[in-house]
Amino acid sequence: MGHLLSPPVNPSDPLMWADFEALCDLGGRVAGSAGEAAALSFARERLAAVPGAKVRDDPVDYPGWRCRTAQLTSATTGSAFQCMPLLGTASAAGVVAEVLDLGLGRHEDFERHANRIRGRIVMVRHEYPFTSGHVHRRVKLSLAQQMGAVGFLIAHPERGVGAVSGSSGRNGGAAARMVIDGDDHPARTHMLVADLPGRGPDWVVVSAHIDGHPHGESAMDNATGVAVALGLARLLAPHVSECPRGLRICLFSAEEWGLIGSRIWLEQMDEAARRSMVINLNLDAVGGAYALTALTSGFERLDAWVKATAARADLPIATHLPLMANSDHANFAAHGIPAVRLIAGFDAPDSNLRLVLTAADTRDKVHPDELDQALRIAITLTWEALGAADATLLSLAAAGRS
């Protein structure tokens, strides 16, 4: 079935950059903070202003955590080091131990020093997270725990960048003292959902996470994705009612807590509601570099569909087929829903994306042209999905994951 209306040609949204800067103005937006609450309020108002959008807040209860104090000092000189606790980490009432530097902290590094790890604080390096060979910090933390380390440090390899943030995923030489005073507590956040109905009952889901980290502006990760999602909603709103299926904009929170926000949101649905969401396009870190890659979550036919759609529109995009469970798309894929993450700077470790999870993730690392490019590609893929034949979209899921 063809489209009855055409999407915007060379789409641009005059409010997108202002939305991006407004989100950056609210700081890191860590889940549970005043910044997150303000960002949700701002985005709710923006979505409510989209003509025809039916906006709702879906509450999600999750295991929260707050930190009162975090200190890292030399056990010999008392010198203090800049530090940031991983979200959800266990408390430590003054752990003192020798620091064992394992370099990158790959599996082979742990195996090579297996007989020295127990009772020590392990230090590893933060790796560029957007590459096929990346080993996630939670994998390294798990290895340290399994081998009996009493503490875990992850350092950014670039001098002057400062501490690295991230989630802990909890459910050699000099000695150091670690103090972390934090506690677990029941927490609630909200998933913002804006539905623009089409002619049929199914939905194309465009998502982005609104929460971030305790430091910096969480600009690349992920004010970029939210701003593009809002711009996409405004531009496609006049067209969706004539499409075979509707457009659902999901702005998730608690993504930086091990993707728990969207995971619980999806688990709370009945199977019919999940099945009505036939494809997910997840916008996460779509600025900071110009080149964009679609992570296609192991769905082979989805990968081919993305390539063909972009080629017909003469848009430059690469794809990466193996599942990378590094954003909310992975939770859709886990339920068998074809899911794409659109990301900038994949396999480009010298790009500004190297600074995500640090205080240097600020608005000056993003150029307006990068958001314009992300908007063009996101609208092209979304519009194709909105108007595709049912059999086409069913085939993307039927192909399964490789």
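Picking from residues in region 351-383 that are more than 30 Å from residue 27 (Cβ to Cβ) and buried (at least 22 other Cβ atoms within 10 Å of the Cβ), the one that is farthest from the chain's Cα centre (by Cα) is 383.
Filtered by the rule that a residue be assigned to a helix (DSSP H, G or I) and open to solvent by less than 60 Å² (accessible area, probe 1.4 Å), region 305-332 gives 305, 306, 308, 309, 310, 329, 330, 331, 332. Just one of the listed residues (363, 341) is in contact with an Asp or Glu (Cβ under 8 Å, 6 or more places away or on another chain) and closer than 16 Å to residue 283 by Cβ, and it is 341.
Looking at residue 243 and the list (1) crowded, with 21+ Cβ neighbours inside 10 Å; (2) closer than 17 Å to residue 28 by Cα; (3) not aliphatic (A, V, I, L, M), which single condition is not satisfied? Of everything listed in (1) crowded, with 21+ Cβ neighbours inside 10 Å; (2) closer than 17 Å to residue 28 by Cα; (3) not aliphatic (A, V, I, L, M), residue 243 misses just condition (2). Can you confirm whether region 122-131 contains a residue that is more than 20 Å from the chain's Cα centre (by Cα), of a type in the set (S, T, N, Q) and open to solvent by 30 Å² or more (accessible area, probe 1.4 Å)? Checked region 122-131: no residue is more than 20 Å from the chain's Cα centre (by Cα), of a type in the set (S, T, N, Q) and open to solvent by 30 Å² or more (accessible area, probe 1.4 Å). In region 1-54, of all residues being charged (D, E, K, R) and part of a loop (DSSP other than H, G, I, E, B), the one that is modelled with the lowest pLDDT corresponds to 13. Answer with yes or no whether residue 188 is surrounded by fewer than 22 Cβ atoms within 10 Å (Cβ to Cβ), under 23 Å from residue 69 (Cα atoms), modelled with pLDDT of 95 or more and over 16 Å from the mean Cα position of the chain (by Cα). Against the criterion (surrounded by fewer than 22 Cβ atoms within 10 Å (Cβ to Cβ), under 23 Å from residue 69 (Cα atoms), modelled with pLDDT of 95 or more and over 16 Å from the mean Cα position of the chain (by Cα)), residue 188 qualifies.
Cβ-Cβ contacts under 7 Å between residues 6 or more apart (or on different chains), taken from a first residue in region 100-128 that is at positive phi to a second residue that is assigned to a strand (DSSP E or B), are listed as 103/125; 105/124; 105/125; 119/97. Among the residues of region 333-350, the ones that are among the hydrophobic types (A, V, I, L, M, F, W, C), crowded, with 19+ Cβ neighbours inside 10 Å and closer than 23 Å to residue 137 by Cα come to 6 in all. The one condition from (1) closer than 16 Å to residue 277 by Cβ; (2) among the aliphatic types (A, V, I, L, M); (3) open to solvent by 30 Å² or more (accessible area, probe 1.4 Å) that residue 391 does not meet is (1).
The values are calculated or read from the model by the stated rules, or taken from the named source; none is laboratory data. Everything numeric in this text was worked out from a predicted model, so none of it was measured. Methodologically, a virtual Cβ is constructed for each residue, glycine included, from the backbone with ideal geometry; neighbour enumeration extends over all protein chains shown. For accessibility, only protein heavy atoms count, side chains too; no ligands or nucleic acids. Shrake-Rupley method; radii C 1.70, N 1.55, O 1.52, S 1.80 Å.
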